[in-house]
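What follows is one structure encoded as structure tokens, with my remarks underneath.
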Amino acid sequence: MRLLIRPGKAWRILAHGRPYSTAPPTSVASQRIYVSPHEHLDLTPRTAWDIVSAASALHADKVALICGVTHKQVTHREFVVSVKAIAASLAQRGVTKGTVRKGTMTSAAFTDRLP
């Protein structure tokens, strides 16, 4: 719970009895907006697949992913092959663009049939 108190001229927002901010209530939200000191970049919207396939074209045999547990390395080329295999497997099951399914994709019923 946050409480607003005004000791003197400064606002103080308390969170669980401890000071949280000394800003007036109207500017609390604006404190969470960070502006980069660098110039604005006009970026073209791209899908995750656009980024993955472009990286694969440039760096096919370089390492793309490293497992933090097993330290297994996967190249960009291997990653693209895996993504295409998963996409094909989903398409065989009737998943199309716009299909939404509640639940996880890591269930045993799904992963035991992946190529």
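The values are calculated or read from the model by the stated rules, or taken from the named source; none is laboratory data. Since the structure is predicted, the reported quantities are computational estimates derived from the model, not experimental observations. Every residue, glycine as well, gets a Cβ built from its backbone with ideal geometry; the counts of neighbours run over all protein chains shown.
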message: List the residue pairs whose Cβ atoms are under 6 Å apart, where the first residue sits in the range 79-104 and is closer than 29 Å to ILE66 by Cα, the second is at pLDDT below 90, and the two are 6 or more positions apart or on different chains.
response: ALA85/PRO115; SER89/LEU114
query: Name the residues in the range 48-92 that are of a type outside the set (A, V, I, L, M) and loosely packed, with under 11 Cβ neighbours inside 10 Å, would you?
result: ASP61, CYS67, GLY68, THR70, HIS71, LYS72, GLN92
- prompt: What are the residues in the range 68-103 that are outside any helix (DSSP H, G or I), at pLDDT 90 or above and either hydrophobic (A, V, I, L, M, F, W, C) or under 16 Å from TRP49 (Cα atoms) (or both), if any?
  reply: VAL74, THR75
